[in-house]
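What follows draws every value from the coordinates through simple rules; no lab data is involved. This is a predicted model, so every value here is computed, not measured. Please note: Cβ atoms are built from the backbone with ideal geometry, for glycine as well, and neighbour counts cover all protein chains shown.
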Amino acid sequence: MTRTVVLESSLTPGARLLPVALDAVRLRGGFWEARLDLVRQVTLRQQHDQLEATGRIANFHRASGAIGGDFNGRYYNDSDVYKWVEAVSFSLATHPDAELEHRLESVVSAIASAQQADGYLNTYFMFDLASDRWADLTNKHEMYCAGHLIQAAIAHHRASGRRTLLNVAIRLADHICTMFSPTARRGTDGHQEIELAMVELFRETRDRRYLDEAVFLLEMRGQQPPVVGGSPYHQDHLPVREQAEAVGHAVRLTYLACALADVSMETGDKGFGGAAHALWQSAFERKAYVTGGLGARWQGEAFGEDYELPNDTAYAETCAAIGGFMWSWRLLIGTGEARFAEAMETALYNGILAGLSLDGETYFYQNPLSDRGRHRRQPWFGTACCPPNIARLLMSLPGYLVSVADRAVYLHTYASALIDVLVPGAGRFQCAVETAYPWDGTVTIDVLDAPDVPATLHLRIPSWAEGASVAIGPQVSEDVPVGAYWPLTRRFASGDRIVLDLPMSTRLIEAHPRVASNAGRVALMRGPVVHCVEATDHPGTELAALAIDPRAGWEVKSLEGLPGCPHALGGVGSMRGDAGPTAPVHRTRAPKDWRAVMLTAVPYFAWANRDPGAMAVWLPVMQPD
Ligand SMILES: [Zn+2]
């Protein structure tokens, strides 16, 4: 039996929009249903196999005393298991699968058996290492792992109705609340995650202690003396209310910002809310890749300076793009502003989706925007945060596509689906959405059932969709404003058909002049999808010698060899004839021997799924002499 699962069940006046249940958006055909089915059929099982093969699950059996031997792997490995539990729970909420459920429940009971009598649970700090518990908050991720357990337990409870894991999480949360509080020990975790989990546990249980604990753990940052190192790397250099520049470890920062937004929605704390917004502007307006990737530097997996966005050495961890997505989501439901939904969509189709291969079995950790052919997805990692993170995001994706508000429905991102929601102040609204988005910009919405009072359907018009139109019956609105929601207010009735048309021209994107690596270069986007060129489509050419002719047009063409991604762009470009291995590295500027070549650009998320070879998102603009 499936159950109603809500992602973030904020009930406070601080939220402008209300999340809908996962089963309120049933994907039917189209891009996302196929991809999510692949994750269910392949990815979730492949990840469980990896969790088994790498000893991550055995660590729980060892901690409970069921088996002997040494701890396997790194001290944060429990968190990978928890994120997988969260992903599978979301999946089972709408797609029952006895075999997968059996795998899940076996893992859940292993986790529960490993919990200590005082509520403590971390399989690394067992036996001879038990005396080191809570000794190194800066580096050892104990509360980070606990946060992922709490999130997994909430997802499991909402999906299955069973409290097995939730009770484990509550005991661990209570243990943490006892250990760390204004009247006990000052401390927080070097890797944020516990804070947003505590807020969600408050939402799940309505026990105010967990919300207070989240506030306390956030307030512990930037204190003197510092409790987690005092460095920008840990976002411990300033009190969180004063933080306005995205610095340090990118994933940490995104999880911190999620918690700031969550707490501000629950308590109305303007200091936390202001920091979540100021940091977002810093991260997304000056430090984000065109793919939605965050964290330019390998050193410290960190944000760089403003406009420091190198392509080949981009770190852009998959988890950071996911964290950015979750952060933008919170600001979206807090404000109802379309820019946050647009940032989510950009990250989703590009920086996040690139993290998973088209066969659903290998992953990127870093997501560079150019490569010489060496960077390939892997079936797993020693530090395997990204694979289960992408799984839990995709398995909860339907909940991010639609929201409701007072007498209103918001469509954030378009996918073929049956949408069935309860609209506050109005009643049931049911519609069928048909679209080939993101390849085609026509979206048809057929109303199947509607409240008998006026309600507003808000359709998001992306900032790139100049010339968009919305038709309802004979009434057509041309050139609707972009970068905003277009509100349709009326007494909807079964049989109403709304047709949204988002023009899908291929756009040349240029970067701010301060982005040194992209001077004189452009990237190709069509709709929300960033494209790139790959060597495998240009045999016998040097990819670095290719250039884009800005006057040339681009055509959509079909492409073989990329499962689930039949779409590519074709156009005429140019190639410098002086790019051979014997050409000098520097020379006096001279006329180029430009030759016309046919260029093929594939979606960035689909790169590195064929023969290894160079890739580039940003190409030089041809400069005729
Ligand atoms: Zn990661």
Answer in debye to the nearest 20: the dipole magnitude of the chain about its Cα centre, from +1 Lys/Arg and -1 Asp/Glu charges placed on Cβ, is 240 debye
Karplus ³J(HN,Hα) for segment 389-397 (6.51 cos²θ - 1.76 cosθ + 1.60, θ = phi - 60°; Hz, whole; x = Gly/Pro) runs 5, 5, 5, 5, 5, 5, 6, 10, 4
At 20 °C in a medium of viscosity 1.002 mPa s, segment 285-409 has a Stokes-Einstein diffusion coefficient, with Rh taken as the Kirkwood radius over alpha carbon pairs, in µm² per second, of 142 µm²/s
Per-residue ellipticity at 222 nm attributable to helices in the chain (runs of n ≥ 4 DSSP H, -39500 (n - 2.57) apiece, nearest 500 deg cm²/dmol) works out to -10000 deg cm²/dmol
Sparse-neighbourhood loop hits (trypsin sites (Lys or Arg not before Pro), segment 576-625; DSSP loop; Cβ within 10 Å at most 14 others) -> Arg587, Arg589
Per-residue Cβ contact counts at 10 Å, fewest first, order Tyr82, Tyr233, Tyr307 as Tyr307, Tyr233, Tyr82
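Which semi-axis lengths, in whole Å and largest first, follow from the square roots of five times the eigenvalues of the Cα gyration tensor of segment 454-515? Numbers along the way, then the final one.
Values: eigenvalues 180, 31, 12 Å².
Value: 30, 12, 8 Å, ordered largest first.
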When the charge dipole of the chain is computed with +1 at the Cβ of Lys and Arg and -1 at the Cβ of Asp and Glu, the Cα pointing farthest to the positive end, of Ala63, Leu294, Ala384, is that of Leu294
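Please give the peptides 504-513, 84-93, 217-226 ranked by average Cβ packing (other Cβ atoms within 10 Å per residue), highest first, as a rough proxy for protection.
Going by the mean number of other Cβ atoms within 10 Å, highest first, we get 84-93, 217-226, 504-513.
So for Ile170, Ile390, fewest C-beta neighbours within 10 Å to most, what's the order?
Working: Ile170 19, Ile390 26.
In order of increasing Cβ crowding within 10 Å: Ile170, Ile390.
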Here segment 451-464 yields Karplus 3J(HN,Hα) values (6.51, -1.76, 1.60; θ = phi - 60°; whole Hz; Gly and Pro given as x) of x, 8, 10, x, 9, 10, 9, 9, 9, 6, 9, x, 5, 8
Measuring from its Cα centre, segment 240-390 shows a charge dipole (+1 at each Lys and Arg Cβ, -1 at each Asp and Glu Cβ) which, in debye to the nearest 20, is 240 debye
Between Arg490 and residues 5 or more places away or on another chain, the pairs with built amide H atoms under 5 Å apart involve Ala455, Leu457
Over its alpha-carbon atoms, the chain yields an Rg and a Dmax in Å of 24.6, 77
Rounded to whole angstrom, the alpha-carbon centroid of segment 455-485 lies from that of segment 536-567 at a distance of 31 Å
The long-range amide H neighbours of Leu18, using H built 1.01 Å from N in the peptide plane and a cut-off of under 5 Å, are Val404, Ala405
Computed on Cα atoms, the radius of gyration and Dmax of segment 50-174 in angstrom are 13.8, 43
Dimensionless Rg/Rh of segment 184-308, both radii on Cα and Rh by Kirkwood, sits at 0.97
By the Kirkwood definition, with r running over pairs of different Cα atoms, segment 105-228 has a hydrodynamic radius in Å of 14.6 Å
Fewest to most Cβ atoms within 10 Å: Lys557, Lys287 sort as Lys557, Lys287
Excluding residues fewer than 8 positions from Lys270 in its own chain, the lysines with Cα under 30 Å of it are Lys287
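With N set to the number of residues, divide the alpha-carbon radius of gyration of segment 70-121 by 2.2 N^0.38 Å and report two decimals.
On the way: Rg = 12.7 Å, N = 52, 2.2 N^0.38 = 9.9 Å.
Taking N as the residue count of segment 70-121, the ratio is 1.29.
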By the Kirkwood definition, with r running over pairs of different Cα atoms, segment 410-498 has a hydrodynamic radius in Å of 13.4 Å
Expressed in angstrom, Rg and Dmax over the Cα atoms of segment 172-237 are 11.7, 34
With Rg from the Cα atoms and Rh as the Kirkwood inverse mean 1/r over Cα pairs, segment 299-355 has an Rg/Rh of 1.01
Along segment 143-153, Karplus-curve 3J(HN,Hα) (6.51, -1.76, 1.60; θ = phi - 60°) to the nearest Hz, with x for Gly and Pro, reads 6, 4, 4, 4, x, 5, 5, 4, 4, 4, 5
Treating only Lys and Arg (+1) and Asp and Glu (-1) as charged, each at its beta carbon, one finds that segment 61-100 has a dipole about its Cα centre, in Debye to the nearest 20, of 140 debye
